[in-house]
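Encoded as structure tokens, the structure appears first; notes follow it.
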Amino acid sequence: MYTQALNTVDTASTVEDAEREAAFQGRIDAEEKIEPNDWMPEAYRKTLVRQISQHAHSEIVGMLPEGNWITRAPTLKRKAALLAKVQDEGGHGLYLYSAAETLGVSREELTEQLLSGKAKYSSIFNYPTLTWADIGAIGWLVDGAAIMNQIPLCRCSFGPYSRAMIRICKEESFHQRQGYELLLTMCRSSEEQKAMVQDALNRWWWPSLMMFGPSDKDSLHSAQSMAWKIKRFTNDELRQKFVDATVPQAHFLGLTIPDEDLKLNEETGHWEYGEIDWSEFARVLKGDGPCNRQRMKARRKAHAEGGWVREAALAYAEKRAARRAAKSAAA
Amino acid sequence: MKDQLFAYVLRLADDAAILGQRLGEWCGHAPTLEEDIGLANIGLDYIGQARALYTYAGEIEGKGRDEDQLCFLRHEREFSNCLLVEQPNGDFAETIAREFFFAAFMLPFWTRLKASRDETLAAIAAKAEKEAAYHLRHSAEWVIRLGDGTGESHERMQDAVEALWIYTGELFEVDDTLATLIADGIAVDPEPIRTEWRETVARVLSEATLAIPEEGYAQTGGRSGIHTEHFGHLLSEMQYMQRAYPGLKW
Ligand SMILES: [Fe+2]
Ligand SMILES: [Fe+2]
């Protein structure tokens, strides 16, 4: 996980050389990849840094709700799968911070922005994992929504981001299948477990739909991102794809989607869904979700408690370099 | 003979499962992102070892118990892991010291177990040996970095070494079960490993500018199910699902 279209307003681009901008747009239109050392408009760089770092932060914060169940996984096989999954998410964070660093911003700066609350991360991780079924629901729905968002990003115009996405998407789709299989096993095992899965779906369905960001009619600036090929589909298009793919999967499990207005439009072939509670979305993004405070507290605590370790590693590396220099000077 | 082999394989399985459980607690809370990934990696190795060993133990026992029944449905007094692996994570230095002391034993242990007359154990050992080599390298590098890092890290690393030292003697303990299997060419005699272990520890601690603790009293008991007070809490968390929802498939 996980990008989320958060639609912060871009700063107006400064006066750039019109010719260079036209040439840049020409390369994008020709589906050429932009690489870190290529010239790019300042607003393009800023948009990418914001999006990639939000995505990286989401991977890192996203380790917490699932990490909550590693020590309580019901079987050794599930424990290993969950630990490996959360580890993958950490790896995604790492590739993404590296991709952001190619744009001239350091991981320390980005971490600082997360810990100070200045940077955003996906709203979905501010919901709690209450039962084991939530682990399956996250894989199925949250990784599933992430894939919908991220598959188009494999063709993003910025080379390092698109390459990171190709690698990440492969793992996310594995996570999604694994989550679904977990739920299938529970649904087939007993009524009690199936009820646990239904409860998880009830709690995760709407927050998953919110992962695609505000509705197109309220979207501030998709047009520029579309032209730059940082975005290829609108929020509502991606959300619809997700609903269309997921509803039959829920039915296969014998579950009910918690939406009374959900119905199949026979003509379009799309599942039409009810109104999303955008006030909840806004509230969670602003910081008043069920777990925003705990998530930030956990990240700050890990960072603060790890401070002496990072300092020691740095001090040791410096000492060692100095010793080597002294040795080669003496030789 | 069958009973002794079952007990022996369970000890190895319990060591791996409990240390894997402890390492899983770190996930998402480590000092750096790289260590979050690194500790998870090591934890995964241990869980993998535990699965293979529990499965084999279940076969030896022949009562139809699988890896999960052995891991999640035995009581505290039935667990026979050594006391070292159940010790709480503490700060990062304690986690590293625990890993280092254990891996410095397990690497030569697995190397020798590859020659066991028991083919299943020999095969498990061949895979585990490579993993233990990485665990030892990872932890030894951190012992050196922390010992020779800053004043604070030196002090924390020294404290961690002192705190866990009392549990290292148990690694070399030989009881009747073990003696029988050693005589039979199945189990590894830990006594000859002692010298190698001491050398590894001395080399790494001295490079880390840390003091090597004096030989002292060795707390034992884990192999006969007498654990430290931390252990019951670890089990109540680890076994929660299987206890709360018995007999279901997950
Ligand atoms: Fe991810
Ligand atoms: Fe994922």
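The values are calculated or read from the model by the stated rules, or taken from the named source; none is laboratory data. Being a predicted model, the structure only gives us computed values, none of them experimental. Here the Cβ is made from the backbone with ideal geometry for all residues, glycine too, and neighbour counts use every protein chain on show.
Considering segment A:145-238, the qualifying helices (runs of 4 or more DSSP H), each wholly inside and each with 3 or more residues that are under 25 Å from residue A:34 (Cβ atoms), run over A:159-189, A:222-227.
Residue-by-condition table, conditions (1) within 25 Å of residue B:71 (Cα to Cα); (2) at the interface with chain B (Cβ under 7 Å from one of its Cβ atoms); (3) near ligand 1 (Cβ under 10 Å from one of its atoms); (4) part of a loop (DSSP other than H, G, I, E, B):
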{"position": "A:57", "(1), (2), (3), (4)": "no, no, no, no"}
{"position": "A:74", "(1), (2), (3), (4)": "yes, yes, no, yes"}
{"position": "A:87", "(1), (2), (3), (4)": "yes, yes, no, no"}
{"position": "A:90", "(1), (2), (3), (4)": "no, yes, yes, no"}
{"position": "A:94", "(1), (2), (3), (4)": "no, yes, no, no"}
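Using the structure shown, decide if residue A:173 is within 16 Å of ligand 1 (Cβ to nearest atom) and among the polar types (S, T, N, Q). So residue A:173 fits the description; yes. Scanning segment B:36-53 for residues that are surrounded by fewer than 24 Cβ atoms within 10 Å (Cβ to Cβ) and not aliphatic (A, V, I, L, M) yields B:38, B:41, B:45, B:48, B:51. Among the numbered conditions (1) surrounded by fewer than 24 Cβ atoms within 10 Å (Cβ to Cβ); (2) closer than 30 Å to residue B:69 by Cα; (3) away from ligand 2 (no atom under 16 Å from the Cβ), the only one that residue A:101 does not meet is (2). For segment B:1-54, filtered to residues that are in a loop (DSSP other than H, G, I, E, B) and within 28 Å of residue A:60 (Cα to Cα), the residue that is farthest from the other protein chains (Cβ to nearest Cβ) is B:26. Determine whether residue A:177 is modelled with pLDDT of 95 or more and within 16 Å of ligand 2 (Cβ to nearest atom). When the stated conditions are applied, residue A:177 passes them.
Among the candidates A:123, A:162, which residue alone is more than 14 Å from chain B (Cβ to nearest Cβ), more than 14 Å from ligand 1 (Cβ to nearest atom) and surrounded by 24 or more Cβ atoms within 10 Å (Cβ to Cβ)? Please lay out each step first, then the result.
Numbers: A:162 fails: surrounded by 24 or more Cβ atoms within 10 Å (Cβ to Cβ).
Checking each option against the conditions leaves just A:123.
Restricting attention to segment A:180-206, the residues that are surrounded by 21 or more Cβ atoms within 10 Å (Cβ to Cβ) and within 16 Å of ligand 2 (Cβ to nearest atom) add up to 4. Note on segment A:105-123: among residues that are touching a residue at least 60 places away in the same chain (Cβ under 8 Å) and in a loop (DSSP other than H, G, I, E, B), the one that is farthest from residue A:158 (Cα to Cα) is A:117.
Conditions tested, residue by residue: (1) small (Gly, Ala, Ser); (2) under 30 Å from residue A:239 (Cβ atoms); (3) part of a loop (DSSP other than H, G, I, E, B).
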residue: A:268; (1), (2), (3): no, yes, yes
residue: A:275; (1), (2), (3): no, yes, yes
residue: A:280; (1), (2), (3): no, yes, no
residue: A:287; (1), (2), (3): yes, yes, no
residue: A:290; (1), (2), (3): no, yes, yes
residue: A:299; (1), (2), (3): no, yes, no
residue: A:302; (1), (2), (3): yes, no, no
residue: A:311; (1), (2), (3): no, no, no
residue: A:323; (1), (2), (3): no, no, no
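Look at residue A:302 and say whether it is over 26 Å from the mean Cα position of the chain (by Cα) and within 14 Å of chain B (Cβ to nearest Cβ). In short, no. In segment B:222-233, the count of residues that are loosely packed, with under 14 Cβ neighbours inside 10 Å and within 14 Å of chain A (Cβ to nearest Cβ) is one or more. Filtering A:43, A:56 for residues that are surrounded by 21 or more Cβ atoms within 10 Å (Cβ to Cβ), on the phi < 0 side of the Ramachandran plot and touching a residue at least 12 places away in the same chain (Cβ under 8 Å) leaves a single hit, A:56.
Before we move on, is residue A:28 surrounded by 22 or more Cβ atoms within 10 Å (Cβ to Cβ), away from ligand 1 (no atom under 13 Å from the Cβ), assigned by the TED database to the domain that holds residue A:211 and of a type in the set (Val, Ile, Thr)? Against the criterion (surrounded by 22 or more Cβ atoms within 10 Å (Cβ to Cβ), away from ligand 1 (no atom under 13 Å from the Cβ), assigned by the TED database to the domain that holds residue A:211 and of a type in the set (Val, Ile, Thr)), residue A:28 does not qualify.
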